[in-house]
């Protein structure tokens with residue numbers, strides 16, 4: 001199961017899912033509540049998590065590899081915490097790794113907090129958006145301008161409270177019995193390299209498998225085939 | 001416009017320029033005052049900068065992408081500060097990123113300062129040279145000995161005062177409206193990796209686009225085609 | 001001369017040696033005392049070092065490039081300290097770089113110390129083993145499960161005292177006249193990336209040549225041809 005990041009939906013992971021399916025796997029790519037067309041933008045992290053826990057239950061997933069991108073790391077951590085026996089491995093792809101009581105806001109820079117707060121104040125409906133120049137320079141720095149523009153159009157406003165609300169976990173990731181991997185795009189500067197995804201957040205996993213590939217935060221657009229390969233290597237056992 | 005680093009001239013960037021021209025761009029690769037044949041080695045940073053500002057003015061460059069290598073980062077920052085409306089993007093290729101009042105000496109290790117001071121004391125004409133073993137091990141670690149020797153012969157003594165004189169800027173890079181990129185060679189240990197080019201200096205740019213490629217500080221010799229590709233990706237919009 | 005790491009013997013470096021020999025070099029890959037079949041597991045670092053000093057003497061090696069993997073860094077440092085005129089270059093491949101009076105235990109994390117101490121307490125014969133999950137996730141994260149299992153079977157219990165005993169050196173590596181290189185596998189998380197091999201330990205070499213390749217701590221199994229190429233680049237002059 002692939003869980004998308006902020007501003008995305010499951011749809012944007014379809015190219016990756018297709019590559020993984022071609023190798024014989026069953027792939028789910030649900031959209032988290034708050035990012036679906038028509039969703040209220042005032043929902044918080046708990047409600048977002050519940051929507052994927054419901055999906056996981058309804059689909060009766062077993063022996064699952066959960067892949068979380070960015071904000072999706074919050075979601076997969078919560079799912080594994082709730083269903084430890086149904087999850088085989090957690091794969092964090094440039095994703096947040098929360099301990100109990102932490103929010104996304106606790107793991108980003110003060111500059112990100114200011115940027116998101118300003119966007120929310122301007123929008124007024126509970127959502128935040130990324131300015132295009134941040135998207136183009138810091139999130140999708142490995143494509144040309146046309147692709148950067150086209151993919152920006154796919155983004156949806158993200159509910160701020162999913163970033164500020166603190167997660168409730170029974171067990172922190174390092175103490176979970178489930179196996180863990182971290183997939184790191186070496187040119188991902190969505191979190192700056194002086195305050196990076198890996199190893200700053202990955203080390204919170206305790207023992208984990210590292211897979212690194214070249215690319216930005218948006219490998220789902222810039223190189224879905226390479227990303228699919230990395231995810232399969234990360235989750236192969 | 002490509003601006004070379006210390007000990008180099010524009011000539012050593014010709015292979016890179018040729019690759020970029022082949023893609024349809026107009027490329028300038030002037031030599032900074034102090035590194036031209038016959039130049040006095042007692043000149044300082046201000047005079048070096050003025051020589052490229054003069055070049056920029058005479059050529060009537062507009063919508064320019066300025067690429068600075070190493071010490072060349074000092075020069076392009078000053079040019080963009082003087083002509084903010086004529087510069088489209090600054091591309092730092094393993095280059096110094098100065099704020100107002102900083103010198104190259106403020107951004108290197110104490111070991112580099114000692115090395116350069118010792119060389120200047122020995123030479124006595126205001127210039128510094130790199131010992132061959134430093135060149136071979138720490139600057140051009142990705143070629144064979146023959147190429148290391150042949151390229152060492154191309155170097156010219158560098159005016160020390162361009163490294164010690166502090167730059168005067170109206171606006172620091174992070175606050176400049178112009179777009180910025182950083183091209184990082186992942187095996188560049190000319191500044192050691194515990195005190196690196198990226199992200200230690202690149203983060204001074206604020207929002208910037210990162211392009212990484214494999215190679216040493218001297219990709220202009222070891223892989224000019226790959227470097228040209230990286231520079232074009234860094235500057236493509 | 002290739003010197004293996006903990007839990008290994010020279011045999012596991014045969015694929016690498018074969019590639020290097022194919023390029024025309026003479027390659028020795030002795031097994032350090034304590035890792036040979038039948039060796040006592042109670043020996044310490046001094047005795048382990050002496051076994052390779054004896055080998056070096058008996059083989060009358062001259063103009064040698066010494067390559068040390070991991071724990072093998074302790075051994076090659078000591079050999080160069082004893083025979084400075086017979087060694088042309090030290091190549092550390094994700095290896096420990098000791099100063100006088102340091103042990104492997106001084107350069108690993110507290111978590112490693114606890115892991116090894118627990119293993120030694122359980123085994124009771126002076127040796128330590130790696131749990132399979134640590135091997136698979138943190139040492140050989142770049143192969144499939146079958147190869148991870150098969151190579152795990154090749155490991156031999158390692159004498160703890162070679163990791164706890166402090167080395168005696170006349171000269172520290174940074175002050176040795178011999179040339180030095182560091183080969184770094186960029187996905188090597190046997191030491192975690194927040195407490196890494198490079199640059200944390202490599203910088204103790206002073207001036208050194210960096211060669212980086214993609215791969216885990218066990219490139220001798222996952223990509224011996226690429227590793228051989230890197231070792232030859234590291235040692236080519």
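Hey, any hits in the stretch A:177-184 for a residue that's out of contact with any helix residue (DSSP H, G or I) (no Cβ under 8 Å at 6 or more places or on another chain) and part of a helix (DSSP H, G or I)? No.
So which of C:67, C:97, C:27, C:91 is buried (at least 24 other Cβ atoms within 10 Å of the Cβ) and assigned to a loop (DSSP other than H, G, I, E, B)? Outline the logic, then answer.
Values: C:67 fails: assigned to a loop (DSSP other than H, G, I, E, B); C:27 fails: buried (at least 24 other Cβ atoms within 10 Å of the Cβ); C:91 fails: assigned to a loop (DSSP other than H, G, I, E, B).
When all the criteria are applied, what remains is C:97.
Which ones in the stretch C:125-145 are surrounded by fewer than 21 Cβ atoms within 10 Å (Cβ to Cβ), in a helix (DSSP H, G or I) and more than 8 Å from chain A (Cβ to nearest Cβ)? Once the filter is applied, which keeps residues that are surrounded by fewer than 21 Cβ atoms within 10 Å (Cβ to Cβ), in a helix (DSSP H, G or I) and more than 8 Å from chain A (Cβ to nearest Cβ), the stretch C:125-145 yields only C:132.
One residue is enough: does the stretch B:107-123 have a residue meeting the conditions in a loop (DSSP other than H, G, I, E, B) and touching a strand residue (DSSP E or B) at 6+ places or on another chain (Cβ under 6 Å)? No - not one qualifying residue is present in the stretch B:107-123.
Based on this model, can you work out whether residue A:229 counts as surrounded by fewer than 21 Cβ atoms within 10 Å (Cβ to Cβ), within 12 Å of chain B (Cβ to nearest Cβ) and either at positive phi or not in a loop (DSSP other than H, G, I, E, B) (or both)? Spelling it out, it is not the case that residue A:229 is surrounded by fewer than 21 Cβ atoms within 10 Å (Cβ to Cβ), within 12 Å of chain B (Cβ to nearest Cβ) and either at positive phi or not in a loop (DSSP other than H, G, I, E, B) (or both).
Listed by first and then second residue, the pairs with beta-carbon distance under 7 Å, at least 6 apart or on different chains, first residue in the stretch C:105-122 and under 19 Å from residue C:156 (Cβ atoms), second in a helix (DSSP H, G or I), are C:116/C:163.
If you check C:20, C:43, C:75 for being under 21 Å from residue C:154 (Cβ atoms), under 14 Å from the mean Cα position of the chain (by Cα) and touching a residue at least 12 places away in the same chain (Cβ under 8 Å), only one passes: C:75. Inclusion of residue C:81 among residues that are outside any strand (DSSP E or B), more than 18 Å from the chain's Cα centre (by Cα) and buried (at least 17 other Cβ atoms within 10 Å of the Cβ) is not warranted.
Can you tell me which residues in the stretch A:146-173 are within 18 Å of the chain's Cα centre (by Cα) and assigned to a helix (DSSP H, G or I)?
A:151, A:152, A:161, A:162, A:163, A:164, A:173
Test of understanding: among A:27, A:32, A:67, A:3, which residue is more than 27 Å from residue A:100 (Cβ to Cβ), touching a strand residue (DSSP E or B) at 6+ places or on another chain (Cβ under 9 Å) and modelled with pLDDT of 95 or more?
That would be A:27, the only listed residue that is more than 27 Å from residue A:100 (Cβ to Cβ), touching a strand residue (DSSP E or B) at 6+ places or on another chain (Cβ under 9 Å) and modelled with pLDDT of 95 or more.
Of all residues in the stretch B:171-226, those that are touching a residue at least 12 places away in the same chain (Cβ under 8 Å), over 23 Å from residue B:83 (Cα atoms) and either buried (at least 19 other Cβ atoms within 10 Å of the Cβ) or within 11 Å of another protein chain (Cβ to nearest Cβ) (or both) total 27. The residue that is surrounded by the fewest Cβ atoms within 10 Å (Cβ to Cβ), counting only those in the stretch C:150-170 that are touching a helix residue (DSSP H, G or I) at 6+ places or on another chain (Cβ under 8 Å) and within 30 Å of residue A:236 (Cβ to Cβ), is C:154.
The values are calculated or read from the model by the stated rules, or taken from the named source; none is laboratory data. As the structure is a prediction and not an experimental result, all values here were calculated from the model. Glycine gets a Cβ as well: all are built from the backbone with ideal geometry, and neighbour counts include every protein chain shown.
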